[in-house]
1. Filter region 148-165 for residues that are more than 16 Å from Leu356 (Cβ to Cβ) and within 16 Å of the chain's Cα centre (by Cα) and give the result.
2. Select, from Ala379, Ala418, the only residue that is closer than 19 Å to Phe257 by Cβ, free of Cβ contacts under 8 Å to residues at least 60 places away in the same chain, out of contact with any Phe, Trp or Tyr (no Cβ under 6 Å at 6 or more places or on another chain) and open to solvent by 10 Å² or more (accessible area, probe 1.4 Å).
3. I'd like to know if region 30-51 contains one or more residues that are touching a Lys or Arg at 6+ places or on another chain (Cβ under 9 Å), polar (S, T, N, Q), at pLDDT below 85 and under 21 Å from Leu130 (Cα atoms).
4. Right, Leu99: open to solvent by 60 Å² or more (accessible area, probe 1.4 Å) and on the phi < 0 side of the Ramachandran plot or not?
5. Name every residue in region 135-169 that is crowded, with 24+ Cβ neighbours inside 10 Å and aromatic (Phe, Trp, Tyr), in order of residue number.
6. When you go through Ile394, Ile384 one by one, which is the residue that is buried (at least 16 other Cβ atoms within 10 Å of the Cβ), free of Cβ contacts under 8 Å to residues at least 40 places away in the same chain and within 30 Å of Met63 (Cα to Cα)?
7. Only one of (1) crowded, with 17+ Cβ neighbours inside 10 Å; (2) more than 22 Å from Leu125 (Cβ to Cβ); (3) at pLDDT 85 or above is not met by Leu108, so which one is it?
8. Looking at Gly132, Gly157, Gly121, which is the one that is of a type outside the set (Ser, Thr, Tyr) and at negative phi?
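The values are calculated or read from the model by the stated rules, or taken from the named source; none is laboratory data. Since the model is a prediction, treat every value here as computed from it, not as a measurement. Methodologically, a virtual Cβ is constructed for each residue, glycine included, from the backbone with ideal geometry; neighbour enumeration extends over all protein chains shown. Note: accessible area is taken over every heavy atom of the protein model, side chains too, but ligands, DNA and RNA are not part of it. Shrake-Rupley method; radii C 1.70, N 1.55, O 1.52, S 1.80 Å.
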Amino acid sequence: MAVTAEKAYYRFLVLFFNCLLTFGSFFCFDIPSVLRDQFQGSLTCQNRPSTNHSGGCVEGLGMSPEEYNLLYAIYVWTNALVVIVAGFLVDKFGNRFGLFLFSLLTVLGSAIFALGSHYKGTPYLLPLMLTGRLLLGSGNGSLIIVKNRVTAFWFKGKELAMAFGLNLTFPWLGSVLNFFFTQQFESHYGIPWTLWGGTILCVLSFLAAITVSILDNVGMKQLGLDGAKKEESKKVRVQDVRHLPLRYWLLVLTIMFFYNSVFPFVADASKFIQEKYEGYDQRTAAYIAGAVYDIALVLSAAAGLLIDYVGMRGVLAVLCAVLTIPVFALLAFTFVPPLVSTLWLGVTYSFAVASLWPSIPLVAPQPTLGTAMGFANSAHMIGIGLCKLAVGKILGTESSETKIPLWRWQRMMIFMLANTIACIATSVILNIVDKKQGGTLNKMSKRADSKDESDCIPILNMKNGKYQG
């Protein structure tokens with residue numbers, strides 16, 4: 001009993017620091033969304049009728065709408081391309097390599113992004129800030145893969161969905177704190193110091209990465225698996241992606257379509273709320289848009305714990321997609337208060353991610369889990385990137401001073417609905433295929449108090465170049 005308790009304590013200690021890995025980078029990612037008016041604001045408000053936050057002239061970095069959107073485009077597309085390579089590198093060289101390299105990239109990226117804000121009004125501002133976002137996207141997306149790989153190793157067969165839920169909670173906490181405090185902080189200290197504050201949070205996440213690296217290394221040595229992991233890593237090849245099953249690819253498509261209906265909406269939700277509904281200023285609209293993350297922050301771990309107990313991951317994926325349809329219907333065709341829709345979306349989002357992401361270790365071989373996570377992250381980032389381009393076309397040429405016609409917002413919501421319907425289709429097919437192959441996704445995990453610890457640490461076994469078990 002003492003040994004079992006020690007293992008449980010150790011894996012939760014790993015989980016605690018693992019949860020902190022992307023807190024700072026997620027905070028930095030959402031800063032431009034909250035400070036959109038400031039990023040696109042005038043270089044100077046001298047001799048203008050009003051100053052920051054008063055509804056008139058907003059002093060800022062002087063970016064055009066196109067330059068502002070580039071900050072997100074370069075993050076998304078870099079992330080989508082890099083994570084595939086990153087997943088393979090982590091499978092090949094191990095968690096310690098990935099933890100150090102990718103967390104360092106987030107620190108460098110956030111620092112260069114903050115440095116660029118000191119060069120407003122010069123030709124250096126945009127190149128520096130784009131370079132910072134490129135490095136931040138490369139590091140953050142890749143770090144998520146390592147984080148999920150560490151979690152899958154220590155929690156497979158146990159509290160896997162709950163552990164993934166907690167892993168998602170801390171990044172969301174960074175996003176939620178950003179929505180609540182960044183604008184107020186910027187109004188007192190300005191954009192540069194706000195961005196440097198995000199860099200400090202990335203440094204703290206880097207220290208957490210060093211801690212996870214040490215704990216993961218020591219833990220594997222104590223379990224006698226360090227040598228076996230190294231041997232399996234040497235055998236990992238790019239061609240192993242051919243052995244990923246059909247269920248995995250259907251799961252990837254389901255994740256992609258669900259995220260396509262959430263992230264592009266949240267990115268533009270603040271402006272949509274201000275323009276469609278009466279009486280919402282920038283700050284209030286940002287709070288309402290951020291309610292999606294607020295609910296996820298509260299529910300994700302509990303949703304994961306419930307899923308560990310009842311299973312039904314595939315069924316829940318279908319149910320969450322179906323229940324998301326009314327969200328965009330309300331936003332498109334009614335004037336029901338937008339908070340109802342964002343809270344509703346937060347609930348379906350929480351259960352969807354708590355059921356979908358922990359399903360990947362159940363259908364992908366452990367030695368290629370990093371590669372599998374890389375392809376999944378790449379697919380959903382490519383989907384978000386394409387959807388952002390489509391939304392840009394739907395909304396038309398946008399200016400920070402130009403009000404977008406309501407019919408264009410309505411078409412955007414219909415486009416979100418189309419992605420949700422595609423998610424329903426892929427998740428239904430996923431359940432059919434999974435049932436034919438044993439129904440792994442809908443089985444419940446072993447109870448956390450089970451005396452059988454064998455499932456806690458995945459068995460590594462590869463014969464004739466093909467993964468077994």
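1. Arg149
2. Details: Ala379 fails: free of Cβ contacts under 8 Å to residues at least 60 places away in the same chain.
Unique residue meeting the criteria: Ala418.
3. Checking region 30-51: at least one residue is touching a Lys or Arg at 6+ places or on another chain (Cβ under 9 Å), polar (S, T, N, Q), at pLDDT below 85 and under 21 Å from Leu130 (Cα atoms).
4. Numbers: open to solvent by 60 Å² or more (accessible area, probe 1.4 Å): no; on the phi < 0 side of the Ramachandran plot: yes.
Here the answer is no, as Leu99 does not meet what is asked.
5. Trp154, Phe155, Phe164
6. Going through Ile394, Ile384 in turn, just one is buried (at least 16 other Cβ atoms within 10 Å of the Cβ), free of Cβ contacts under 8 Å to residues at least 40 places away in the same chain and within 30 Å of Met63 (Cα to Cα): Ile394.
7. (2)
8. Values: Gly157 fails: at negative phi; Gly121 fails: at negative phi.
Among Gly132, Gly157, Gly121, only Gly132 is of a type outside the set (Ser, Thr, Tyr) and at negative phi.
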